Amino acid sequence: MARRKSPAIPDALLDQLLDGADPRTAFNPNGVIDALKKALAERMLNAEMDHHLDGGADGSVNTRNGYGQKTVLTDSGRMALDIPRDRQGTFDPQLIAKYQRRFPGFDEKIVSMYARGMSVREIQGHIRELYGLDVSPDLISTVTDAVLEEVAVWQNRPLELVYPLVFFDALRVKIRDEGLVRNKAIHVALGVRADGTKEVLGLWIEQNEGAKFWLRVMNELKNRGTEDILLAVVDGLKGFPDAIRAVFPEATVQTCIVHLLRTSLDFVSFKDRKAVATALKDIYRAKDDLAAVLALDAFEAGPWGEKYPAIVQSWRRAWPEGIPFYAFPGDVRRILYTTNAIEALNAKLRRAVRARGHFPTDEAAIKLLFLVLHRAEKEWIMPPREWTMAKAQFAILFGERFAKAQA
C-alpha cells in the first residue's frame, strides 16, 4: 500500500519565505515559523470578519473599524495578533474567541501533561523550561477544570442495549474532605461489547460503598439505555450482587478470580508467593465446581492451607459468586482470569494516583482519572485474541440475550 504524501509546498514559496533568513533559526521564537503562524492567523481572522459583515440579515450596515492588538500564548511563546474590529462591536472571532488568551493547541498540551500525572506546579515548571513562559497555577487549573464539563457529558452518554461482559472494580484514593485526608473509593465499570471492543461505562466516587450506592449505579446504567448484562464480574464488594440482580435480574454475577488470587497472596510472605500461586491453580482450573470444592479441601488440608488459613476462608466466603465460573468453557474462563481487562486499566490508574499522593477535591480525582481513561481508550483497537472463541460460547450459553447484543 503506497504511503500517502503530505501536501507539497512549492520550493519557490519556501525560498521566498526564507529569503535573507538563516534556515537554522526558522523554528526559533519569533522566527519564520512564528511569523507564518501569525500571518495565517491574522488572515483567517480577517476572513472571519468579511463573513461576519456579509452575514447581517437585519439590513443594518456594519463596517470595519480598524484593529485591536491582543497577545496570546502559543507553543513557542507570546504572539501579538492584530484582531479586526467592527463598528457595531458584534464580531466575536472563532479562531481566537473574545476572552481567549491561548492559541489553539496550547490548552491541549496542558491537559495532556495533566493526564500523564503531572501536578499543576510541575506543569508550570515544564512550560517555563520549554517555552520560557510564566503560566499561573490558576490558569492551568482553569484549563484542566474545563475537562469537568466533558466528564459530565461523558458520564451521561447513552450506552449499549446489552453488554455481554462488564467488569466492576474499585480504586482507593486519598482525597481531602472537610479539612481531613480521607480514603475514598472510585469505582470503574468496564464493558465489553459483542464484538469484543471495550468501553468504560462510568466513574463513581463514594466513601462508604454499600447496597444503596450500588443500586444507584445500576439504575443509572439502566437509565442510560442498558437493558441487560449477561455476565457481571465483581471483586466481592458488599451488597453488590444483590444490587445487580435487583436491576438486571437475569445477570450472572461472578467473583473476579484475579481479585481472589491477589487477596490470597496478600496473606503470603514474599518467598512463598510463587509456590502458593501455583497451588491455587488447581482450584480455579478445576473442570467443574465439584472438582473445585475437592481442590479447595485439598489445599486446606495441605501445607499451605495450614500455614495460611485465611486464604481458604476468603475463597469460601466468595464461593456463592465463584461457582458460576466453573460452568463456563475454557475460552470464557481465560477472558476472566488471563486477559482480565480491568487489571490492565487499573495499573494505569494506580500509576497516576501514586504520582499525586492525594487530591484536594473529589472533582480533581475524577478529572485526572477521566483523562487517564480517555487516553487508555484510544489504545483499545483490537479485541483480545480469545474473544472469537469466547463469543461463540456466549452465543450458545445466552442465546437470544446475546443475539440482542449483536443487533
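For the reader, a short list of remarks on this structure follows.
- Residues with amide H under 5 Å from that of Asp177, placed H, sequence gap 5 or more: Arg182
- Interchain or long-range residues, amide H under 5 Å from Leu171's placed H: Ile186, His187, Val188
- Sites Arg78 and Asn219, calculated FRET efficiency, Cβ-Cβ separation with R0 45 Å, nearest 0.05: 0.35
- Each 10 Å bin from 0 upward holds the following percent of the Cα-Cα pairs of the range 261-305: 29, 55, 16, 1.
- Rounded if a/c under 1.5, otherwise prolate or oblate - the range 289-404, Cα gyration tensor axes: oblate
- Zero-based 10 Å bins, Cα pair distances in the range 161-406, whole percents: 7, 29, 35, 23, 6, 0
- Straight Cα distances below 29 angstrom link Lys37 to the lysines Lys5, Lys70, Lys98, Lys109, with same-chain residues fewer than 8 positions distant left out.
- Partner aspartates and glutamates whose Cα lies under 12 Å from the Cα of Lys198, excluding those fewer than 8 positions away in the same chain, are identified as Glu160, Glu377, Glu379.
- By average C-beta atoms within 10 angstrom, highest first, the peptides 156-168, 180-192, 378-390: 156-168, 180-192, 378-390
- Summing charges over all other residues whose Cβ lies under 9 Å from the Cβ of Tyr163, with Lys and Arg as +1 and Asp and Glu as -1, gives -2.
- Potential extension, Ile381-Asp177 segment - 0.36 nm per residue separation minus Cα distance: 69.6 nm
- Karplus (6.51, -1.76, 1.60) ³J(HN,Hα), θ = phi - 60°, over the range 351-363, in Hz, Gly and Pro reported as x: 4, 5, 5, 4, 5, 8, x, 8, 10, x, 8, 4, 5
- Annotation note: trypsin sites (Lys or Arg not before Pro) in the range 214-319 located in DSSP loop regions with a Cβ neighbour count of at most 15 within 10 Å are Arg224, Lys238, Arg285, Lys287.
None of the figures in this text is laboratory data; all of them are computed from the coordinates on show. Predicted, not measured: the structure shown is a model, and the values here were computed from it. All Cβ positions, even for glycine, are placed from backbone atoms using ideal geometry, and neighbour counts span all protein chains on display.
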